[in-house]
1. In nm, what is the difference between 0.36 nm times the number of residues separating Thr159 and Ile132 and their Cα-Cα distance?
2. Express in nm, to one decimal, how much length is gained between Lys121 and Ser94 on full extension, taking 0.36 nm for each residue of separation and deducting their alpha carbon distance.
3. Could you pull out which residues in the range 79-108 have an amide N less than 17 Å from a spot 7 Å beyond the Cα of Glu70, following the Cα-Cβ vector?
4. Quick one: Cα centre-to-centre distance for the range 86-101 and the range 103-142, in angstrom?
Amino acid sequence: MAGNFKKLKTKWLLITLLTIWVAACGNETSSTKNNANNEVVVTQETLKKLEHEWKIQFPSSTQILGFSHEPAMDSMARLQFSVSRADVAKFVASSPLAEEEFEDDNRYLLGPDVEWWAPSKPAKLPTAQAYINGSEVLNVGMDQVDSEQTVIYILWHET
């Protein structure tokens, strides 16, 4: 009788672990889809939501280059966009970051390259980090592409 209870307990434990594993692996990444012109589409509603949640303001010159969101127990999102070089200071001032915090040595905070997300590619990518909303991290890197524009990488995640 004790042997049957032990087998039942082991079987229940395995089923529970398998259920948790399947639920955790079932989370899919939601990315923006390209429109007919092969442009990344992120709605103004999404940008407003991100501004509120991430404590930032997108300049009017913002052009979205890529976006993905991975919902999970500790969610993560990546956003890459370009702005006119003239708007960079306003963007940083609107954020919880300070210009002097940006260092190329912090590039690792943006994680590895994944599909369109390639923070390893720019020659220089000064990056800074801020904790927001108590348990969230905002990592921002800036690629000064040329005298006209800057490409900004944001990796946000929960802890």
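Please treat every number below as a calculation from the coordinates, not as lab data. In this text, all values refer to a predicted model and were calculated from it rather than measured experimentally. For neighbour counting, all protein chains shown are included, and Cβ atoms are generated from backbone atoms with ideal geometry for every residue, glycine included.
1. Details: separation 27, 0.36 × 27 = 9.72 nm, distance 1.07 nm.
Working it through step by step, the gained length comes to 8.7 nm.
2. Numbers: separation 27, 0.36 × 27 = 9.72 nm, distance 2.65 nm.
The span from Lys121 to Ser94 would gain 7.1 nm if fully extended.
3. From the range 79-108, the list is 79-80, 108.
4. The two parts, judged by their Cα centres, are 15 Å apart.
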